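Everything below concerns the one structure shown next.
Here, each number is a calculation from the coordinates, and none is a lab measurement. Keep in mind it's a predicted model, so treat the numbers as computed, not measured. All Cβ positions, glycine included, derive from the backbone under ideal geometry; neighbour counts span all protein chains shown.
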Amino acid sequence: MKKYVKVYFTFYEELANSELKKKEKELRNRLKKYKVGNGGILGDYYKLSNPSEQLSDFLEFCENKKYIDMHIEYINEYTDEELMAAKIFLVKPKKMYMHNKELFKYVCESCSCLKLEDNEIDIKLGKKISGKNAIFKLGEGMEEIPCVSTQVFDILINNGVCSNYFKKIVNKDVVVGYAINPQNVCDFISDSYIYSICKQCGRIYAENDRKKDNLPEIFKIRENDINLSCDVYYTKQYYFGERWILISPRIRNLIKDYVKKEELIPIFETI
């Protein structure tokens with residue numbers, strides 16, 4: 001496994017003195033060859049090895065939070081052999097399509113938990129879904145829905161995956177994809193969250209642990225509480241109102257050639 005971080009920082013030049021401005025320019029020049037993209041108003045993104053001298057320089061400069069906003073994303077790149085040891089995979093599609101309907105209903109006002117209830121999702125899209133996107137999400141934030149393309153759906157069904165794990169997404173009477181619709185529950189833990197039980201509905205919901213900001217996230221599952229022979233799971237816990245989706249290694253192996261590696265996060269640890 002190779003470890004990297006993807007970082008960017010916003011520098012408030014109007015608040016800084018001349019010495020800090022000079023250091024900022026020097027750091028940008030040193031990081032220039034590690035640039036991997038630009039986020040518009042967020043500025044340039046850099047991909048750095050972890051650990052590395054460049055990462056140490058970046059973190060040292062960003063210690064002064066009065067003048068700087070920092071974001072860091074930890075990236076683990078696994079070999080195919082290492083991925084074979086994963087217990088389960090967390091689905092995190094990168095491509096997003098906006099739609100014009102409210103598809104979720106609140107099932108608890110206290111903890112803001114949501115539920116996707118329609119068996120067939122009839123929507124209007126502002127942009128046609130591309131067949132290149134094997135997995136994608138409808139909407140964003142707490143109301144996003146992880147989906148698969150029609151092509152990937154056919155691959156899964158032809159390999160014995162149950163069709164009950166999916167809901168049709170229809171746009172102008174045409175099926176444009178399938179929302180992942182788990183029937184099973186997985187007890188899932190991320191150390192970047194604090195878990196509470198809602199006093200009104202009894203559901204488990206997660207809130208960001210501010211103490212873990214800018215630290216690597218560690219995922220674990222309680223293996224004894226689930227049947228790992230199943231293919232698709234919801235997390236028992238609610239994140240931002242909605243449960244996350246996990247898939248079995250079998251499904252990952254069926255679709256691995258059609259998705260980006262960072263869209264399926266492997267989970268190795270159990271508790």
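Quick notes
- Listed residues T79, T235, T150, most fluctuating in the chain (Gaussian network, C-alpha, under 10 Å): T79
- Remark: spin-label model distance S110-I197 equals 1.1 nm, labels positioned 7 Å along the Cα→Cβ axis.
- Inter-site label distance for K2 and E269 at 7 Å from Cα along Cβ, in nm: 2.4
- Trypsin sites (Lys or Arg not before Pro) restricted to DSSP loop in region 131-198 with at most 10 other C-beta within 10 Å: K132, K172
- Shape of region 2-77, Cα gyration tensor, a/c cut at 1.5: prolate
- Partners of K167 within straight-line reach, counting lysines whose Cα lies under 17 Å from its Cα and excluding those fewer than 8 residues away in the same chain: K101, K105, K115, K124, K137.
- Compactness of the chain - radius of gyration and Dmax, Cα, Å: 20.7, 64
- Residues listed by number, region 182-224, amide nitrogen under 19 Å from Y74 label point at 7 Å toward C-beta: 188-195, 207-222
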